[in-house]
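The values are calculated or read from the model by the stated rules, or taken from the named source; none is laboratory data. Note that the structure is a prediction, hence the values are computed from the model and not measured. Don't worry about glycine lacking a Cβ; one is built from the backbone with ideal geometry, like all the others, and counts go over all protein chains shown. We work out accessible area using only protein heavy atoms, side chains counted, and drop any ligands, DNA or RNA first. Shrake-Rupley method; radii C 1.70, N 1.55, O 1.52, S 1.80 Å.
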Amino acid sequence: MQLKSEASLITTPSKSYGSATEPAGRVAAAVPTVCLFILAVELCERLAYYTFTGTAEFFLVKSGYSLAQANGLTTAMATLCMAWAIVAGWVADVQLGRYTTIITSGVIYALGGLLVTTAAEASVSSSAMYLFGLLVLVPIGTAGIKANISNFGADQYDTSDPAQALAQEQFFQWFYMSINIGSAVAYGFLTTIATNGGMGIPKESGYFAAYLTASLFMVGAVVAFISMSTRYCMSSLHQSSAMSSICSHVMAAVRAGSSQAKTFCAGVVLATASVFMSVAGAIFHAQSHSLALSLCTFTCAIGGVLFICLSCEYPDWLPDREIPSVPLRACEARGFLRLLPVIITSSLAFGALYNCMQYSFQQQACQMDLRIPFIGHSQFAGSFFMIADCLGIAIATPLAVGYVNPALEAKLGSYFSHGGKFGFGMAVGAASVATASYLELTRRGSTVLGVASNCAPDGIHMSDLSAVYMLIPFFLMGIGEIYTNPVMMHLAYSNSSPSTRTLAAVACLLVQAISNAIFGVQVLALSKFMPNDLNEGHIEYGYYLSMILAWVLYMAFVRAMKIFDTTAELREELSPPDLN
């Protein structure tokens with residue numbers, strides 16, 4: 001692979017990740033200039049996405065929807081973004097290629113954003129137009145970008161050069177940092193403009209101004225991405241999609257009578273059903289059926305995960321055979337299947353902790369003292385503190401890549417490879433949830449103030465404990481993220497053949513949807529401990545359960561990783577050029 005672009009000035013002295021024999025101080029290659037434009041696309045996409053999702057619930061309530069309906073529609077949007085990734089991966093692999101798919105998806109995304117912007121204009125105020133943009137165009141655009149952009153960036157490195165191989169791994173951390181810079185702008189600025197106005201923008205025009213800004217960022221990102229078109233390193237189209245090829249191999253094993261192949265198929269069916277039921281439950285929210293549907297979704301999700309993981313640990317049931325019109329070799333299919341238990345257990349393990357921040361931390365902050373010092377009666381919004389998570393990632397990533405990781409690798413060698421980094425991130429994430437638990441116990445023991453909270457349910461008063469303390473668990477979770485999500489993204493990319501890399505990225509997105517379905521049942525099961533007034537409940541019980549689930553799932557990850565390391569057939573059977 002030839003590197004077609006000059007390099008920027010971002011360089012990081014480091015040592016080869018996961019190696020106990022490489023000399024310390026080896027210098028990673030610079031980030032290619034084209035990758036900076038790729039990172040800009042991801043930054044702007046996340047900026048727009050979190051502007052929409054961070055305000056959609058409030059806009060829909062203002063438009064006449066109930067809080068439950070608005071919450072369900074917002075949740076459905078997030079799940080649809082992941083579900084559409086299957087189609088986006090197929091289009092990129094066999095129809096358009098990653099580059100054209102990203103451009104097309106970016107245009108669809110920008111059009112969806114502009115449609116949402118128009119719907120939010122006071123003289124239009126159309127909820128139908130708003131929902132079409134939010135639930136159709138934006139999810140299609142998001143899926144096309146998310147399923148391909150990280151792999152497209154990694155494709156720009158020539159991994160036959162050790163320095164660029166190291167830089168490629170670091171790229172995934174820069175990529176994750178760009179996500180959270182976009183998130184920080186959305187949560188720290190645009191969501192506030194949308195709901196409250198400001199900077200000369202009247203409150204009634206806040207949504208229009210915020211959405212227009214987010215959409216224009218997306219338009220600018222697409223234009224900038226296209227401007228570097230002659231410098232990108234492009235991958236050729238595949239004869240057929242990896243998904244259809246793997247299905248052909250699996251079905252051949254089913255016809256041959258393999259019980260494990262049948263177990264895998266059952267797992268895929270159950271996992272897919274859980275995603276569809278999760279979307280249905282969110283869109284067609286009916287309180288009388290929510291428990292039954294949630295339990296059914298949970299059962300399908302758990303069953304699907306178990307069947308897939310158990311059948312894919314040793315996928316030797318997929319024998320070497322040539323299937324007409326299927327170009328994907330059986331060894332490549334086995335390599336992808338071996339990745340699935342690692343992808344699934346890692347996503348579910350950290351997701352058990354991350355979902356606490358995504359849902360419960362904000363609710364907890366809303367009953368702490370939100371008053372902004374020296375600004376009269378103004379209050380922070382509970383979502384404001386998400387900025388600490390984003391800033392934690394933005395601040396910690398350069399330190400981790402340039403100093404912390406090299407130092408730990410020099411001392412620990414291979415013990416600080418993908419599995420070691422993930423374990424460290426899990427420990428920091430658990431510390432975040434434990435800190436939030438301590439703060440909740442302290443808050444509930446504090447005096448209740450005579451001031452109502454603006455972001456808690458009506459009539460709920462704040463406690464005499466500053467919400468600023470919530471910056472600590474949010475910040476810790478951000479540090480945990482940089483040692484989990486980007487690390488697993490690189491593991492999936494570097495251990496997949498070129499034909500299955502897009503499918504590996506899609507699998508990561510789909511597991512997030514399954515994680516949301518499982519967490520939804522956890523919330524439902526503990527709902528009696530999470531009333532509108534947290535002083536009458538025990539939200540910390542949810543934290544305790546999440547930490548227990550995270551530990552169990554992390555043990556499953558350790559097992560999956562150990563099996564994966566000892567059965568790395570793909571790396572042995574494929575030649576180095578195939579993996580690069």
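The table below lists the values:
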| quantity | calculated |
| --- | --- |
| The stretch 46-192 shape via C-alpha gyration tensor axes, a/c threshold 1.5 | prolate |
| Degrees, to the nearest 10: 242-255 long Cα axis against longest axis of the chain | 70 degrees |
| Residue-normalised accessible area of the chain, given per residue in Å² at a 1.4 Å probe | 40 Å² |
| Longest exposed-site-free window of the chain, the sites being GluC sites (Glu not before Pro) in a DSSP loop that have at most 13 other C-beta atoms within 10 Å | 7-321 |
| Size-normalised alpha-carbon gyration radius of the stretch 421-533, reference 2.2 N^0.38 Å | 1.44 |
| Burial ranking of peptide ranges 213-221, 455-463 (average Cβ count within 10 Å, highest at the top) | 213-221, 455-463 |
| The stretch 101-147: relative contact order in percent, alpha carbon pairs under 8 Å with at least 6 residues between | 54 percent |
| The chain - mean residue ellipticity at 222 nm from DSSP helices (-39,500 (n - 2.57) per run, n ≥ 4, rounded to 500) | -22000 deg cm²/dmol |
| Projected-area mean, the stretch 360-439, by convex hull of Cα positions, square nanometres | 7.0 nm² |
| Equivalent ellipsoid dimensions for the stretch 325-405 as semi-axes, Å, which come from the Cα gyration tensor, largest first | 42, 18, 11 |
| Distance between modelled label sites at residue 558 and residue 306, nm, 7 Å Cα→Cβ extension | 2.2 nm |
| From phi via Karplus (6.51, -1.76, 1.60), per-residue ³J(HN,Hα) for the stretch 435-445 in Hz, x at Gly/Pro | 5, 5, 4, 4, 5, 5, 5, 5, 4, 5, x |
| Local electrostatic count at residue 148 - Lys and Arg +1, Asp and Glu -1, tallied over other residues with Cβ under 14 Å | -1 |
| The stretch 233-367: translational diffusion in µm²/s, Stokes-Einstein, Kirkwood Rh over Cα pairs, 37 °C, 0.692 mPa s | 190 µm²/s |
| Viscosity 1.306 mPa s, temperature 10 °C, Stokes-Einstein D of the chain from Kirkwood C-alpha radius, µm²/s | 65 µm²/s |
| For the stretch 401-452, alpha-carbon Rg and Dmax in angstrom | 18.4, 56 |
| Entries in 262/528; 421/528; 146/421; 528/562 that, when Cα-Cα distance is taken, lie over 32 Å | 262/528; 421/528; 528/562 |
| Rg ratio (alpha-carbon, reference 2.2 N^0.38 Å) - the stretch 127-200 | 1.57 |
| Quarter of the Cα convex hull surface for the stretch 155-289, i.e. its orientation-mean projected area (nm²) | 15.8 nm² |
